[in-house]
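Everything on this sheet refers to the single structure shown next.
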Amino acid sequence: MSKHDTGSFEGTENGECTFTVHGLTGDEYSNISINALKARALGHIACGGQSLGVGHDDKPQSIYDNPQAYPGMFPWLFPYGLGGLGNKNIKGRIGELSHKKKLLMYHDKRFQTDFCFPLVAFNHDQIKTGTTGSFLLARKAHFSNVAERLQSIDTEVL
């Protein structure tokens, strides 16, 4: 463990829970209309229920060439938003996989002991490998036919 780890846990041990989830499960979402969802939410608020607003950007963030992605997802691991993958302020060039390995071996073990960081980092590697690691093989005699079929793919159907 880290030399900075005091052994105390953060959170509520006794008394009223500071955050409780009241809501619908995934099965209920698929069987209910949008108007019924709105009515349920208004009913919850009218009965004195509380809510938590979680903001998000107008457009989704990319996992490619985005040095602020990891500091944005894990602000407690990247103080002051520094040290993200692909950060231009890091001396020398370092690949994302090597950078993640260095972070996981960081001296105070904060990246290893975080529940989400290793999972998200591994997931992003799998996504990137899956989207860039495929290819199409065609025999020379069939190449023009395959190329024509690829160009005529209807993206709406996909």
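Throughout, read-outs are computed from the coordinates displayed, never taken from laboratory work. Computed from a predicted model, the values in this text were never measured in an experiment. Methodologically, a virtual Cβ is constructed for each residue, glycine included, from the backbone with ideal geometry; neighbour enumeration extends over all protein chains shown.
Data for the structure
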| read-out | value |
| --- | --- |
| Cross-link partners of K88 among lysines (Cα-Cα below 22 Å; sequence separation of 8 or more within a chain) | K100, K101, K102, K128 |
| Residue order, fewest to most beta carbons within 10 Å, for K100, K38 | K38, K100 |
| Ranking of I45, I90 by count of other Cβ atoms within 10 Å, fewest first | I45, I90 |
